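Below: the structure, in structure tokens.
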Amino acid sequence: MTQPLRTDILIIGAGLAGSLLAWRLMQAGKSIHIVHHPSLLSASRVAAGLINPVTGQRLVLQENIELLLPSAKKLYRQLEAQFHSQFFFEKEMLRSLQHDKAKLAWKKRQNNPTYQSYLSNIDGQSSVIKQHQTGYLDTNALLDSLHTYFQERHCITISDVRQEDIKNYQTHCQWQHITASKLIFSQGWREINGKFFAFLPFQPAKGEILHLSTPHSLPDYILNQGKWLLPLKDKSFKIGATYQTDASDEQPSESGKHELLEALKNMPIKQKDISIISHQAGIRPNTLDKHPFLGMHPKHQHIGIFNGFGSKGSLLIPWHSQCMCEHLIHDTTLPSDADIQRFTCV
Ligand SMILES: Cc1cc2nc3c(=O)[nH]c(=O)nc-3n(C[C@H](O)[C@H](O)[C@H](O)COP(=O)(O)OP(=O)(O)OC[C@H]3O[C@@H](n4cnc5c(N)ncnc54)[C@H](O)[C@@H]3O)c2cc1C
């Protein structure tokens, strides 16, 4: 029979959100246990891990970038030092301004001092700009290292958790043989099917990515033409991503592949001899107001959520995991735009 186990915090889900929160809590001296199921596809395993402070046709700078980016870089460098492996790769991005909206936005932004460290002109070009402070996180390498670390410390269990099996008491909660002072759900988009946080306005969005190889040389920067092309360290490259608000399945589709291969034709690289290594799909845990979901359940004080990082997990999770960690340990106030207290309809 499985021995009973006591832990400070039980986390359900080991994508980027659950794993980085667990790491931060362990570093802060808390005991943790994680439960996840690898056969339940994780968006973090599909994501390209791009970090891009200025996005969209309107070239909008991410809110709180001055907090988010340093926090992300610091955490990824700490993890690299811990695991003797590089996870975060800084790479500039060339952004093609294909539509009038983007050209107009650039006109507005180019003399704005706030944007100067993120965007710049390329001499003689009117429809291509450079984006700085961009790069990508190798999410699979980072998650492999973290999961091995958790396994070596016997604090990760593989199981498909049914929220109906969670017992919620006055002072603690329990799932199977594990008793925890607090339980945090980091299940990505699957939270929409749960019993505790279904009241939160998730807007899951399916996405597909192609991983390709070519014998020809690739640019040393990320290309962004609406669809992006990410050259990787092993000379292969990724192209993505599709965006579909109907998130009824996680399967790669022929239409998704076609959309990406059509976008590839317009990329300034040699088109001959390209072959497909893999084609993956996943579901982003997007939210209606585009802000993450952090905090404890309004009725069940030992049960919380750390989720809703949408299309920007690599940039958003490091800083928000710090906020959530401090909230769980010291009861500090959460950032108001991420705190689930903004929704009252339970
Ligand atoms: C095609 C695509 C491209 C993307 N590109 C980027 C990008 O370039 N840059 C970027 O920053 N972000 C990108 N994203 C978004 C990014 O993937 C997410 O923001 C982030 O990975 C979310 O992490 P998460 O841990 O919340 O969710 P997930 O990674 O989905 O993890 C959820 C975890 O919960 C577990 N789980 C779920 N239900 C249960 C259950 N019942 N029992 C046990 N375990 C359970 C799963 O096994 C998994 O471990 C992309 C996403 C997609 C789909």
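Of note:
- The single residue among Ser19, Ser44 that is within 11 Å of the chain's Cα centre (by Cα) and on the phi < 0 side of the Ramachandran plot turns out to be Ser44.
Yes/no matrix, rows are residues, columns are (1) surrounded by fewer than 22 Cβ atoms within 10 Å (Cβ to Cβ); (2) within 24 Å of Gln301 (Cβ to Cβ):
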residue: Asp8; (1), (2): yes, yes
residue: Ile12; (1), (2): no, yes
residue: Leu20; (1), (2): no, yes
residue: Met26; (1), (2): yes, yes
residue: Ile34; (1), (2): no, yes
residue: His37; (1), (2): yes, no
residue: Arg45; (1), (2): yes, no
residue: Glu63; (1), (2): yes, no
residue: Ser71; (1), (2): yes, no
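- Residue ID - farthest from Asp331 (Cα to Cα), chosen from residues in region 154-197 that are of a type in the set (D, E, K, R) and either in contact (Cβ under 8 Å) with a residue 12 or more places away in the chain or surrounded by 18 or more Cβ atoms within 10 Å (Cβ to Cβ) (or both): Asp160
- Count of region 109-147 residues, restricted to those that are part of a helix (DSSP H, G or I), buried (at least 17 other Cβ atoms within 10 Å of the Cβ) and hydroxyl-bearing (Ser, Thr, Tyr), is 3.
- Options Gln280, Gln174, Gln271: the member that is farther than 19 Å from Ala43 by Cβ and in a strand (DSSP E or B): Gln174
- Any hit, region 73-87, residues being in contact with an Asp or Glu (Cβ under 6 Å, 6 or more places away or on another chain) and of a type outside the set (S, T, N, Q): yes
- Enumeration of residues in region 296-346 that are within 16 Å of the ligand (Cβ to nearest atom) and either more than 23 Å from the chain's Cα centre (by Cα) or assigned to a loop (DSSP other than H, G, I, E, B) (or both): Gly308, Phe309, Gly310, Ser311, Lys312, Ala338
- Set side by side, the residues Leu40, Leu10 differ, and just one is touching a residue at least 12 places away in the same chain (Cβ under 8 Å), in a loop (DSSP other than H, G, I, E, B) and within 19 Å of Ile166 (Cβ to Cβ), which is Leu40.
Bear in mind these aren't lab numbers, they're just calculated from the coordinates by the rules spelled out. As the structure is a prediction and not an experimental result, all values here were calculated from the model. Methodologically, a virtual Cβ is constructed for each residue, glycine included, from the backbone with ideal geometry; neighbour enumeration extends over all protein chains shown.
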